[in-house]
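The values are calculated or read from the model by the stated rules, or taken from the named source; none is laboratory data. This one's a predicted model, so the numbers in the text were calculated from it and none came from an experiment. Quick reminder, even Gly has a Cβ in these numbers, built from the backbone with ideal geometry, and neighbours come from all protein chains shown.
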Amino acid sequence: MYRWYGLDDVPAGWGESVVTIGKFDGVHRGHQRIVARAAQLGRERNLPVVVVTFDPHPDEVVRPGSHPPFLTSARRSTELLASLGAEAVCVLPFTLEFSRLDPDEFVRTVLVEGLHAAAVVVGEDFRFGHKAAGDVQLLAKLGEKYDFTTEALPLLVADGVTASSTSIRQLLAAGDVAAAATVLGRPHRVEGVVVRGHQRGRALGFPTANLEMPPHTAIPADGVYAGWLASLDADGRDVQRWPAAISIGTNPTFGEGEQTVEAYALDRDDLDLYGVHAAIDFTIRLRGIRRFDSVDALVEQMCRDVEQARGLTA
């Protein structure tokens, strides 16, 4: 799997390719269908598939301060795209100058001169060029001009919800990780480094891995969840994996104000994960966060949470 940062990284001898373009945040089921179609075309034409995406997020450049939460890390997205048949990911640095390319300049610079596109596959809502002036009809016309075919796939609707990164963010903000998983095609995952917290969980009999995550990570709503905790290797692959009860919130019983994301690996009090890169996968929300009148009442509820999580991850 190749990962190029900018068109200058594309090898000089790179030949024709099948290209798909988008932000691909989350690599959800709609994205998966588009990449799978590109991969099918690649097999039919014996051509490699290149996924074109952008960094930073275009919204942040066009409207500073509007950066949406990331559903997947760059590494995770690359891994998922590779599993769908992509041979290369080309990350285009999204700058103000780049945003001002008109549709024809975008197509000529990126698709024709940069990646030698023989076919382009996108979603039906794809827009490109300065002020998003280009649509799929214009892309098809430019394809005729520059000798590549264009396919625009309809948006995927899953259980009445249009598969989009925006809809998934909304579901996560509401704590509905089960519905988010339906649109994603897998549980939502957050990644980070395990750091030391207040260690109250250990004192209460439920030692947790407290994750410090990169900025703009899409974190579900405060609450208690069932799911999985995994340690990761240097390439982001799971090393070990444990069913878990997960807490997101500010620990109101102890009067704390900082949000934490922490996971208790069920029935494990022997894990030393400090400094380890880890991931949490969310299966279902068990309850909201609330303040308890005593530590004993909190521990009783935590025991019930753990039993419920055990039943849902067995």
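So, in the stretch 177-186, exactly how many residues are buried (at least 17 other Cβ atoms within 10 Å of the Cβ) and farther than 12 Å from Arg29 by Cα?
Within the stretch 177-186, residues that are buried (at least 17 other Cβ atoms within 10 Å of the Cβ) and farther than 12 Å from Arg29 by Cα number 2.
Given the conditions (1) assigned by TED's automatic domain parsing to the domain that holds His31; (2) at pLDDT below 95, and given that Glu144 satisfies all but one, which numbered condition is not satisfied?
Failed condition: (2).
Which condition number in (1) in a strand (DSSP E or B); (2) buried (at least 19 other Cβ atoms within 10 Å of the Cβ); (3) assigned by TED's automatic domain parsing to the domain that holds Leu47 is the one that Leu211 fails?
The single condition Leu211 does not satisfy is (3).
Take the conditions crowded, with 22+ Cβ neighbours inside 10 Å and in contact with a Cys (Cβ under 8 Å, 6 or more places away or on another chain) and apply them to Val51. Does it pass?
Yes; evaluated as a whole, the condition is true for this residue.
Let me spell it out: the conditions are (1) part of a strand (DSSP E or B); (2) under 29 Å from Phe128 (Cα atoms), and Thr182 meets all of them except one. Which number is the exception?
Against the list (1) part of a strand (DSSP E or B); (2) under 29 Å from Phe128 (Cα atoms), Thr182 comes up short only on (1).
Where residues in the stretch 279-304 are touching a Leu at 6+ places or on another chain (Cβ under 7 Å) and at pLDDT 95 or above, which of them is farthest from Ala221 (Cα to Cα)?
Ala279
Under 7 Å by Cβ, and 6 or more places apart or on different chains, what pairs join a residue from the stretch 162-174 that is free of Cβ contacts under 8 Å to residues at least 12 places away in the same chain with one that is charged (D, E, K, R)?
none
In the list Ala245, Ala230, which residue meets the criterion of being assigned to a strand (DSSP E or B), at pLDDT 95 or above and touching a Phe, Trp or Tyr at 6+ places or on another chain (Cβ under 7 Å)?
Every option except Ala245 fails the conditions.
Whether any residue in the stretch 35-56 is under 19 Å from Glu124 (Cβ atoms), at pLDDT 95 or above, touching a Ser or Thr at 6+ places or on another chain (Cβ under 7 Å) and part of a helix (DSSP H, G or I) is what I want to check.
yes
Results for (1) surrounded by 20 or more Cβ atoms within 10 Å (Cβ to Cβ); (2) at pLDDT 95 or above; (3) closer than 29 Å to Gln170 by Cβ; (4) polar (S, T, N, Q), shown as yes or no for each residue.
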| position | (1), (2), (3), (4) |
| --- | --- |
| Ser73 | no, no, yes, yes |
| Arg76 | no, no, yes, no |
| Val89 | yes, yes, yes, no |
| Phe94 | no, no, yes, no |
| Arg100 | no, no, no, no |
| Val107 | yes, yes, no, no |
| His116 | no, yes, no, no |
| Asp135 | no, yes, yes, no |
| Ala140 | no, yes, no, no |
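Quick one: in the stretch 65-98, of everything that is touching a residue at least 60 places away in the same chain (Cβ under 8 Å) and acidic (Asp, Glu), which residue is farthest from Leu47 (Cα to Cα)?
Filtering the stretch 65-98 for residues that are touching a residue at least 60 places away in the same chain (Cβ under 8 Å) and acidic (Asp, Glu), the one farthest from Leu47 (Cα to Cα) comes out as Glu79.
The conditions are (1) within 19 Å of Phe128 (Cβ to Cβ); (2) free of Cβ contacts under 8 Å to residues at least 40 places away in the same chain; (3) among the acidic types (Asp, Glu), and Asp25 fails exactly one of them. Which is it?
Checking Asp25 against (1) within 19 Å of Phe128 (Cβ to Cβ); (2) free of Cβ contacts under 8 Å to residues at least 40 places away in the same chain; (3) among the acidic types (Asp, Glu), the one that fails is (2).
Identify, from the list Arg268, Arg287, Arg291, Arg310, the residue that is in contact with a helix residue (DSSP H, G or I) (Cβ under 6 Å, 6 or more places away or on another chain), farther than 19 Å from Ser73 by Cβ and surrounded by fewer than 19 Cβ atoms within 10 Å (Cβ to Cβ).
Testing whether each residue is in contact with a helix residue (DSSP H, G or I) (Cβ under 6 Å, 6 or more places away or on another chain), farther than 19 Å from Ser73 by Cβ and surrounded by fewer than 19 Cβ atoms within 10 Å (Cβ to Cβ) leaves just Arg291.
Restricting to the stretch 286-307, and then to whatever is of a type in the set (Gly, Ala, Ser) and not in a helix (DSSP H, G or I), can you tell me which residue is nearest to the chain's Cα centre (by Cα)?
Gly288
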